[in-house]
Amino acid sequence: MAVVEMSEALGLEALRGQSADALQPVSRMVRVFISSTHSDMKNERNAFWEKAYSELQAHCQSLGLVFELVDLRCGVRDIIADDHLTTELSIKEIETCQRISDGPTFIALLGNQYGHRPIPYLIPATEFESLVSKLSKDSEGLMLLNQWFSKDSNSDPPTYILQPITAHYPHYNDRGSESGQLHDNDVISWNLTESRLLQALRTAAQQAERDGDITVDHKHKFFKSVLEYEMEHGFLKTQGEASAVLFIREMPRLSKRDCKKNFAKFLLDVTADGLLDTEARELLADLKQRICNTDRLQPLCMELSKGAMNPSRKEHKEYLGKLCEQVSSQMKELISRNALQTSGGCSTVDPGWSWLKQELFHHAMLSEEKCSVFKGRDSILGKICITMWESTNTCHEPLLVHGPSGVGKTALLCKLAQEMRGVDHRGIVVLRLLGTSPLSSDVDSVLRGVCLQVCGASGLQFPHPHIANTHEELVRFFHSTLEDVSKQGDTLLLILDAVDQLLEANKPHNLDWIPKAIPPNVHIVLSTSDDCVEKCKSLVTAEQNIFRVELLTDVQGKDVIDAYMSAAGRKLNSEQLDTILYSFQQSGSPLHLKLILDIAKQWSSWTSMSSSHLGISAQEVMTQFLQSLEENHGKKLVSHALSFILLSRHGLSEAELQDVLSLDNDVLAEVYKYWLPPSHTLLRFPRLHWSRLRHDLRAHLAERWEGGVILLGFAHRQFTELVRKRYLSRDVKADMHSILAEYFSGQWSKGQLRPILLPSLTTLLNADRKVPPQPLWFTGKIANLRKLHELPYHLAHAGKWEEISQSVLGSLDWLCCKTLQCGVSCVIQDLSLCTDLTECLEIQMLKETFLLLKPSLDFSDGQVAPSHLVTEIFARLQGLADLYPSMIGQLCSQCMDWFGSCTDPVLVPKCCFFQAPGGPLKSTLTGFTKGVKTVVLCSKRELLVAGSEDGLIIVWSLSHLETLHTLSGHTAGVLSLKMMDKTNNCLSTALDGTLRKWCLISGQQLFCIADAVSVQTHTTAHVHLIEERKIIITNPSSLVKAWHLDTAEPLYEVTAEVCSVLGVVGDAVACICSEGTLCFYDTDTGVQNSQTPLPCSVGHHNITCSLTLTKYSKILIAFGEGRIHSVWSHGIESVVDLPSPALFLRTSEDEKLLFAGCDRTLCVFLVTLTSMQKVLDLHHDASVLCAVSSGEGSEIITSAQDRIIRVWSVTTGALLDWIGVMDSAVSTLAVHQRTIISASLIANQLKVWQLDYNTKHRSKSFIPAYCPLVVLSKDGLRTDIMDVSSEVCCMELAQQKNILFCGLRTGTILIYPLDFAQETLCLPPPESLPTVRSIAISPREDKMAVAYENAVCLFEITARDSFPCVDGPFERYSLCLLHSPISAMALLSDCRLLYGTFGGEVVIYDFKSARAAELDHHRAAITCITMSNWDTQALIGSQDCVQKLWNLSPVLLNHTMEYKGFYFEGVLCAVFSINDKYVFTGSLDKTIKVWDVSSGCLLYFQYVYSPVIKMMPHKDGFVAVSQHGSFIKEGFRCPDSLKPGYNPLCNFRAHYQVTSREKSLNAPHTEINMLPDFNPAQFNFIGIGLMKTKPSNTCVLL
């Protein structure tokens, strides 16, 4: 994905933060409002829910859409509300559907009723007073209007508001038997009052229309029903293509007499006094006519036969079924058509950018909202802008804005971003309001998004996948990106609001990822609460770069009030304003003021302040608000709805919330406390209840787009915490997580009945809740992302461990789906969540498995092939399946099933050959680009510090193994690190000659001394520290310099020719001088105290290493003669002899044990004040590189050149354990408690090992690691040790005759008949004793070719008396002097020899005719020549990316296969399958590849972590050995035909190309030139000519 593509997809203006116009998310919601009258169409509406709803839901899921039906009539007994807001709520819901729905938005079911005709809730003052003037003769009507309507002068312009019903009929909303009669009386009274009010308003409106004061349409609102309001907004007033489905039910033709006689039977409109409402019938007829007159939509019409509706009658049941079928069919057609148009219109937008587009839009909309009524803060904004301007052209610190919670930091930074956009239209403004979305709540997600946005805006190269998915690499890329932007001259402002949210959400991570030195033209502004300001001061030290946001003054508060109320179209009277100001003065908090104003917006001019109490803090105001919600909507509904939103992992959509509330029996019991639900088979939470609650909650809810769906969250963190504290006890929390888990698992979907006991019933009611099913995949390509994110989170918090182990973590389908769709990191987050909440060994091992496989999957371009993931899991866990059958065994069984059903080529592991979890490897620490030079740790502070040859120093926490700081400053490789005992500081030296002091808490560099150390000195101690006296001693350029530890001021300098400083002994600095003397200088003054000559037999240039024993105030020096000398403050003496010169000296932490590394032996000494006594000799198979003792001193840990870490017993010297094999030899070891940290000079990472682990989990190695020569026998594994007289150069095994041939450097060939264990044969070398280069055995095992330095000899393998025998040589093929040495060869059955050289030449030589022919030349050394099992074809591979497949009879080049990988290249070994259909290759890039022999095509690609060095065919696959010593056994499954477009490398940064010979019966062949006698000049000429010409695809048989 290129930069240009992203810029085109998202827009350059959007990436620069200048405009969000192009970022509007594409909705995946089909949100439909269903309109009908309450009672007339009840049966039709119920039938729709029963039959059509689930069908439409399933259809939307199949298209990757979310279906939501907004039915405000469902589940409610009466639509008339006390506050008269039903019509307003309906219109708002319809407008929301039209705003966000991707498809149809409206369904109307019209029958015989016109429906309830409400009194207008709001009437403009001028209009109302005009209407009242028309009723001068109707005193009763005037009295009623003045009684029920009150003028609100707070509205701008003034408005008359209809009073709540309970203002005059207080028992109208009463429920329960105790107030039943009073309630009924008030209902009747209101119905009559409403009718009389409407009559008065309609009379006045008709007169006003006649007088020309209002229009006909204006008059009509006093006659209009809720149904017509909904029809107008949902269909009649909309423009564009049809987005509605209308159904009109016609009754049998009734006479006026029948209507009047049977209106109750046919559910016709009636008046308040119980008579047929003929006016409503006329209005309904007009409405139906208006609908039919529209051209955009033909409504569905159906006549209901045989009178009134009775669902039990057959014909009416058929009618309902036909209705659902027709409505559903038309809806699905509209949905599908719109989905096709949407997908077609978005085809040019790369879906890989959708998450970034979504994130940018989210922060842009939040910022716009925060700035909408921003007032004041000019002073602090000006100071920030001036500070940025002054530091633009220099390196500088970030800026820090802080203040108490709710003081307005977020709004301030949003305003800053807005101002900077206006100042510099070409600048880049990146804004992140941290913690407001999942992607802004995680450090790596924030970094990834910021890097991509900046790269896209600046035209810089994107990070590679493995960089974008590794924290340390991502941090480094972020820093380099800022540097690149600065160099380009672009202006970049990065605003990170609320960094304390990241500190809370990412506890292991500190703020080390934010650079402390910002390059020119780049600015970073941070904000945090006062509680975390000290942590942020590690980044910002200068006071002028720290800005505190103060509380608002009274004047500023008044300005905010005016702006806020003006934007809302509201006013306040003086009493109300004074009350608000008084409450605000108690806190001065902008958040407190905003919460008050959200309430004040609802005040009318007559709202009295005497009965109102405003909280004096934001917390108190929010508490009062929640109390009022509980009173108005019910405590259960409020508490559970808010808790569900809070407990969701990423938020809930309104559709999900309604479904979850429909599963909540407690909420439903509260809703249906006083009456029964309308249906006993279907039970849903009434949508109208949520719409009313959402209307009141609107100021506290925040909407956020995710994956095309709007999710709800809370707008204020303080509100979130209040909800958590008020409603979520531990038991309640678990129960609610359980309901959410049941919803996202789909437990109660597909008609599954959930029981409930309602207060009005004595038995359980089993009803369908109509919640959607939750499949893992909606379609083959569309996954259920909401389930993937939410289900494991809720199962874990609900404590449902058996379910999570079986259906989530123990499900291969789940793990594959989540990995493919969300990434490996998301799976690891789920596993980490579970391990934090419970102790389960299998879950812990599964977590370790994904941590182990993450690095390999990070190399793919964000797309993981399922086969690679399943292979990774199976090849690691297969060996543990029997030990842990419940989850790991289940997973392995599923892996086998998956391999069995795979329709693509795949390698099937037959054994466990990847590192298994639960072994000694605990973690891998990354962040360096070159090898690690030095490692120190402080167990007391639990800090680990390492320095690399790339000049970086990284500080990790030992408690959680996360990066704390990356210390950059050195411009060359780090030489040494010195941790201070008494402070949290350390010293570092490097090849740039500098000495630097660092604070490990803040990550700040405290000072830098240039030219402080000599980079040529041979001593390992580059700096010496006397912490008590605050002195640093260094040895630059034959000098001794002393510096002050705190100030870096020079103290003194010793100008004598000092070769090296050994250390500090007491009050003296011990140095080796050029004269070969040992000199002592005073540590305080630098004055020489004394000098002593070195022993005569040694010299200062012969010192191999030294070590200071602080406890005993002496220095140990090891000399090349193999002795250790002890240096005291006044002299030197010989102490002990060593078996060979010591390469290093090391002590245990208490200095009781001394370790001396002497080649392959580690000598262990017991040290006292007066003596050193050898206690152990620990023998190794290779040179010892390092040794340390365990924390308790009972074990010695060593590393050697053979790349193995060994653990020894201190008391017995026994080898207790070994850990390996490493990628490179371990040069440094450190121990913390029971943990080992290893590092290598040539590896850019540290590895953390645990000494205590289950040895059953140890990875099994079958051969020593990094063994250069390996042969495989078909007879199985056995162990034999055979001595040889010289270095073995090559080995071959005659499989059938069971004879092993070993070629030695001396030219001798040793022959081991494996069936005769004690016997060894020998072929003596030729007279010149040339090295044996290669051995090849013929397929029949009757001949053997041996390549020496100067010739190839042919031997015959026979048997005498059943004992093997080798005769010859019978033939000899001499090689020219300038001929490149043979690197690989194969011997054919007909005595032809095919060989390749280190120069890339490939030659075929016929021993019978003594003629040679050169085949196509390779550009690099030939590494393998492999014959097919039937001796008809050969694969020739080289160190470059080319391998060639030859036909041998005749000799024709069939295929040239070129592979270009992301990392290494070159074939090491190859083998043909038993049937010769496939060839398997092992390469330097640590992969195994499978090629089709007939076509040359690559069929499969597998990463195996270590190069494969030997392969052998086995049944349906092969067995192999890796460089690490792992035994690999795999079968290959391949379908008869491949899918069109199949590409095994589609998810990797690699490609291959095959060039094949045209296979024609009469194809001409190009003759291969014979090489007469290998004339050197002619050979060179021919070689050069072949390299310059194109390879030949045909050749002539010899």
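Residue pairs whose Cβ atoms lie under 7 Å apart, sitting 6 or more positions apart in sequence or on different chains, and linking a residue in region 575-594 that is farther than 10 Å from LEU614 by Cα and polar (S, T, N, Q) to a partner that is assigned to a helix (DSSP H, G or I) and open to solvent by 20 Å² or more (accessible area, probe 1.4 Å), are GLN585/ASP554.
Per-residue answers, yes or no, for (1) at pLDDT below 95; (2) farther than 21 Å from LEU728 by Cβ:
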residue	(1), (2)
GLY634	yes, no
LEU637	no, no
LEU642	no, no
LEU661	no, no
VAL671	yes, yes
TYR674	yes, yes
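In this entry, LEU482 passes the filter for residues that are at pLDDT 90 or above and either part of a helix (DSSP H, G or I) or in contact with a Phe, Trp or Tyr (Cβ under 8 Å, 6 or more places away or on another chain) (or both). The criterion of at least 1 residues that are open to solvent by 20 Å² or more (accessible area, probe 1.4 Å) and of a type in the set (S, T, N, Q) is met by the following helices (runs of 4 or more DSSP H) wholly inside region 1-72: 3-10, 42-47, 53-62. The residue of region 532-545 that is nearest to GLN1005 (Cα to Cα), among those that are in contact (Cβ under 8 Å) with a residue 40 or more places away in the chain and open to solvent by 50 Å² or more (accessible area, probe 1.4 Å), is THR541.
Being surrounded by fewer than 17 Cβ atoms within 10 Å (Cβ to Cβ) and among the charged types (D, E, K, R) is the filter; apply it to region 727-757 and report the residue that is nearest to LEU637 (Cα to Cα). Per the criteria, the residue is ASP735.
Considering each residue of region 372-385 in turn, at least one proves to be modelled with pLDDT under 90, more than 30 Å from GLU50 (Cα to Cα) and assigned to a helix (DSSP H, G or I). Of the residues making up region 559-605, just one is in contact with a strand residue (DSSP E or B) (Cβ under 6 Å, 6 or more places away or on another chain) and of a type outside the set (Gly, Ala, Ser), namely LYS601. The C-beta contact set for region 1065-1089 (first residue of a type in the set (Ser, Thr, Tyr), second residue open to solvent by 10 Å² or more (accessible area, probe 1.4 Å) and outside any strand (DSSP E or B), distance under 7 angstrom, 6+ apart or interchain) comprises SER1074/GLU1057; THR1077/LEU1094; TYR1081/VAL1087; THR1083/ARG1029; THR1083/ASP1067. Could you tell me how many of the residues in region 1200-1219 are of a type outside the set (A, V, I, L, M), within 18 Å of GLY1525 (Cβ to Cβ) and in contact with an Asp or Glu (Cβ under 8 Å, 6 or more places away or on another chain)? Total satisfying the criteria: 3. When SER54 is tested against (1) in contact with a Pro (Cβ under 9 Å, 6 or more places away or on another chain); (2) of a type in the set (Ser, Thr, Tyr); (3) modelled with pLDDT under 90, exactly one condition is not met: (3). I'd like the full set of residues that are touching a Phe, Trp or Tyr at 6+ places or on another chain (Cβ under 9 Å) and modelled with pLDDT of 90 or more, limited to region 1217-1245. Matches in region 1217-1245: THR1235, ILE1236, ILE1237, SER1238. Only residues that are farther than 25 Å from ASP273 by Cβ, touching a helix residue (DSSP H, G or I) at 6+ places or on another chain (Cβ under 6 Å) and of a type outside the set (Ser, Thr, Tyr) were counted in region 152-189, giving 1. Within region 451-467, the set of residues being surrounded by fewer than 20 Cβ atoms within 10 Å (Cβ to Cβ) and within 14 Å of TRP353 (Cα to Cα) comprises PHE462 only. Among the residues of region 402-413, is there at least one that is over 21 Å from VAL522 (Cβ atoms), of a type in the set (D, E, K, R) and at pLDDT 90 or above? Looking for residues that are over 21 Å from VAL522 (Cβ atoms), of a type in the set (D, E, K, R) and at pLDDT 90 or above, one finds at least one in region 402-413, hence yes.
Being β-branched (Val, Ile, Thr) and touching a helix residue (DSSP H, G or I) at 6+ places or on another chain (Cβ under 7 Å) is the filter here, so list the residues in region 687-738 that pass it. Matches in region 687-738: ILE710, THR720, VAL723. For region 705-714, does any single residue satisfy the condition of being under 33 Å from the mean Cα position of the chain (by Cα), farther than 21 Å from VAL66 by Cβ and assigned to a loop (DSSP other than H, G, I, E, B)? Scanning region 705-714 turns up no residue that is under 33 Å from the mean Cα position of the chain (by Cα), farther than 21 Å from VAL66 by Cβ and assigned to a loop (DSSP other than H, G, I, E, B).
Working carefully through the options LYS1539, LYS1529, find the one that is in contact with a His (Cβ under 8 Å, 6 or more places away or on another chain) and not aliphatic (A, V, I, L, M). Step by step, each of LYS1539, LYS1529 is checked, and only LYS1529 is in contact with a His (Cβ under 8 Å, 6 or more places away or on another chain) and not aliphatic (A, V, I, L, M). If we scan region 1033-1042, do we find a residue that is within 18 Å of CYS986 (Cβ to Cβ) and either surrounded by 14 or more Cβ atoms within 10 Å (Cβ to Cβ) or over 58 Å from the mean Cα position of the chain (by Cα) (or both)? Yes, because at least one residue in region 1033-1042 is within 18 Å of CYS986 (Cβ to Cβ) and either surrounded by 14 or more Cβ atoms within 10 Å (Cβ to Cβ) or over 58 Å from the mean Cα position of the chain (by Cα) (or both). Residues in region 1284-1300 that are of a type outside the set (A, V, I, L, M, F, W, C), within 23 Å of PRO1381 (Cα to Cα) and under 51 Å from the mean Cα position of the chain (by Cα): GLU1287, GLU1292.
Here the strands (runs of 3 or more DSSP E) wholly within region 1327-1408 that include at least 1 residues being free of Cβ contacts under 8 Å to residues at least 24 places away in the same chain and open to solvent by 20 Å² or more (accessible area, probe 1.4 Å) are 1351-1360, 1363-1374. Residues in region 704-759 that are more than 30 Å from LEU23 (Cβ to Cβ) and among the basic types (Lys, Arg): ARG724, LYS725, ARG726, ARG730, LYS733, LYS750, ARG754. The number of residues in region 661-676 being open to solvent by 20 Å² or more (accessible area, probe 1.4 Å) and not aliphatic (A, V, I, L, M) comes to 6. Taking region 1086-1107 as the range and being of a type in the set (Val, Ile, Thr) and modelled with pLDDT under 90 as the test, the residues that pass are THR1092, VAL1098, ILE1103, THR1104. Criterion applied to LYS1460, LYS1489 was being touching a residue at least 12 places away in the same chain (Cβ under 8 Å), farther than 21 Å from LEU1269 by Cα and either crowded, with 23+ Cβ neighbours inside 10 Å or among the aliphatic types (A, V, I, L, M) (or both), and the one residue passing it is LYS1489.
Across region 1159-1176, the qualifying residues are those that are within 24 Å of ASP1202 (Cβ to Cβ) and in a loop (DSSP other than H, G, I, E, B), and the one among them that is least open to solvent (accessible area, probe 1.4 Å) is ASP1159.
The single condition among (1) in contact with an Asp or Glu (Cβ under 8 Å, 6 or more places away or on another chain); (2) in contact (Cβ under 8 Å) with a residue 40 or more places away in the chain; (3) within 23 Å of GLY64 (Cβ to Cβ); (4) charged (D, E, K, R) that ARG769 does not satisfy is (3).
Of the listed requirements (1) small (Gly, Ala, Ser); (2) farther than 29 Å from TYR172 by Cβ; (3) outside any loop (DSSP other than H, G, I, E, B), GLY103 misses just one: (3).
The values are calculated or read from the model by the stated rules, or taken from the named source; none is laboratory data. Note that the structure is a prediction, hence the values are computed from the model and not measured. Glycine gets a Cβ as well: all are built from the backbone with ideal geometry, and neighbour counts include every protein chain shown. Accessible surface is based on the protein model in full, side chains and every heavy atom, while ligands, DNA and RNA are left aside. Shrake-Rupley method; radii C 1.70, N 1.55, O 1.52, S 1.80 Å.
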